[in-house]
1. Is it true that Y45 is hydroxyl-bearing (S, T, Y), touching a Gly at 6+ places or on another chain (Cβ under 7 Å) and surrounded by 22 or more Cβ atoms within 10 Å (Cβ to Cβ)?
2. Return a yes/no flag: does segment 122-139 have any residue that is in a helix (DSSP H, G or I) and touching a residue at least 40 places away in the same chain (Cβ under 8 Å).
3. Return the residues of segment 56-102 that are of a type in the set (V, I, T) and surrounded by fewer than 22 Cβ atoms within 10 Å (Cβ to Cβ); say none if nothing qualifies.
4. So which residues in segment 154-174 are among the β-branched types (V, I, T) and either at positive phi or modelled with pLDDT under 75 (or both)?
5. Pick from segment 109-153 the residues that are of a type in the set (G, A, S) and open to solvent by 40 Å² or more (accessible area, probe 1.4 Å): which of them is modelled with the lowest pLDDT?
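The values are calculated or read from the model by the stated rules, or taken from the named source; none is laboratory data. Computed from a prediction, not measured in an experiment: that's the story for all the values here. Glycine also receives a Cβ, built like all others from the backbone with ideal geometry; neighbour counts cover every protein chain displayed. For the accessible areas, the whole protein counts, side chains as well, though only heavy atoms, and no ligand, DNA or RNA atoms are used. Shrake-Rupley method; radii C 1.70, N 1.55, O 1.52, S 1.80 Å.
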Amino acid sequence: SEEEEEEEEEEDLKEDLYVRAERYKAKGNACFKKGSEDRKAISWYSKALDLLLLEGDGATGDLERSLLAASYCNRAACFLRCGEWSAAVTDSDEVLRLCPPSSLTVKALFRRGKAHEALGDADAARRDFESALMLEPQNKLATEAHDNYKSVLHRLVVLSRGAPEVRARQRKGL
């Protein structure tokens, strides 16, 4: 029937959308692995995200959700390497919103923690590292980052990077 043909055509377009988004993400991954093309990688991940968010049907099925989360998580890593801390926090927040607890959410928590650390928000960073460790207790990077917070000197160094309002909020907890 004509209705079935339309549905089939819609499915083909949707599949094509995911194939294209996956291809953009793969190109971003290739740039990221080079270590010197983070801006290009950000551009590819953004393309994948735009495609899914603007042309997707908004139903956010498992495939779409997992592609979105992976693209946000990878872009957060690029933002970290480029020193764009707030953007890394925002993308990590999106991963945590989209994903049930998994190795991807552990990565997002770790990346958000590193971004909070760079922004001088020691409390938020410590909380993110603790959350990552609750999900994956053997994670070496999260363990190391969390253990740093046992040192008052480390907390002071992180705190010194913060904006005045962040420093004022956290001084009590030293």
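1. Against the criterion (hydroxyl-bearing (S, T, Y), touching a Gly at 6+ places or on another chain (Cβ under 7 Å) and surrounded by 22 or more Cβ atoms within 10 Å (Cβ to Cβ)), Y45 qualifies.
2. Yes; the residues of segment 122-139 include at least one that is in a helix (DSSP H, G or I) and touching a residue at least 40 places away in the same chain (Cβ under 8 Å).
3. Step one: filter segment 56-102 for residues of a type in the set (V, I, T), giving 60, 89-90, 95.
Matches in segment 56-102: T60, T90.
4. Going through segment 154-174, the residues among the β-branched types (V, I, T) turn out to be 157-158, 166.
Hit for segment 154-174 is V166, nothing else.
5. Taking the candidates together, the pick is S151.
Matching residues to (1) under 20 Å from G35 (Cα atoms); (2) among the charged types (D, E, K, R); (3) in contact with a His (Cβ under 9 Å, 6 or more places away or on another chain):
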{"site": "L53", "(1), (2), (3)": "no, no, no"}
{"site": "L67", "(1), (2), (3)": "no, no, no"}
{"site": "C73", "(1), (2), (3)": "yes, no, no"}
{"site": "C82", "(1), (2), (3)": "yes, no, no"}
{"site": "D91", "(1), (2), (3)": "yes, yes, no"}
{"site": "F110", "(1), (2), (3)": "yes, no, no"}
{"site": "G113", "(1), (2), (3)": "no, no, yes"}
{"site": "D121", "(1), (2), (3)": "no, yes, no"}
{"site": "A124", "(1), (2), (3)": "no, no, yes"}
